[in-house]
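Structure record follows, encoded as structure tokens.
The values are calculated or read from the model by the stated rules, or taken from the named source; none is laboratory data. What you see is a predicted model; the values in this text were computed from it and never measured. Here Cβ is always computed from backbone atoms with ideal geometry, including for glycine, and neighbour counts include all displayed protein chains. What goes into the accessible areas is simple: the full protein's heavy atoms, side chains included, and nothing from ligands, DNA or RNA. Shrake-Rupley method; radii C 1.70, N 1.55, O 1.52, S 1.80 Å.
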Amino acid sequence: LDTLSPALLDRMDIVKVGSYGVREKVEIGLRYLVPRQIEACGLGKRESVEFTKEAVREIVVAYTREAGVRQLDREIASICRHGNDRA
């Protein structure tokens, strides 16, 4: 909004849409998405797949741009599928 002129801002209705922050996305990824994708890809206890908090944070920062976690889920699934190919 800082780049818009005051005259234009006076004529606009600003709608703020909430989204998850990086910390929320990391927690959702670790608690829900990673376990679900590990199970969906058939990776059990014998395969050692581990997602650290730092790794999930890097995925969030580097590979996801949307407000939700759909792309994060896709990226985690891709990693799990790649891990399954090597198992």
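Here are some notes:
- All helices (runs of 4 or more DSSP H) inside the chain with 2 or more residues being touching a residue at least 24 places away in the same chain (Cβ under 8 Å), touching a Gly at 6+ places or on another chain (Cβ under 9 Å) and not small (Gly, Ala, Ser): 53-63, 70-86
- Scanning region 33-55 for residues that are of a type outside the set (S, T, N, Q), under 24 Å from Ala67 (Cβ atoms) and surrounded by 10 or more Cβ atoms within 10 Å (Cβ to Cβ) returns Leu33, Val34, Pro35, Arg36, Ala40, Phe51, Lys53, Ala55.
- A single entry from Leu30, Leu9 fulfils the requirement of being open to solvent by less than 90 Å² (accessible area, probe 1.4 Å), more than 17 Å from Ala67 (Cβ to Cβ), within 13 Å of the chain's Cα centre (by Cα) and at pLDDT 85 or above: Leu30.
- Filter result (open to solvent by 50 Å² or more (accessible area, probe 1.4 Å), under 19 Å from Val69 (Cβ atoms) and not charged (D, E, K, R)) within region 12-27: Val17, Gly18, Ser19, Tyr20, Val22
- Subset tally (residues that are within 12 Å of the chain's Cα centre (by Cα) and among the small types (Gly, Ala, Ser)) for region 66-83: 3
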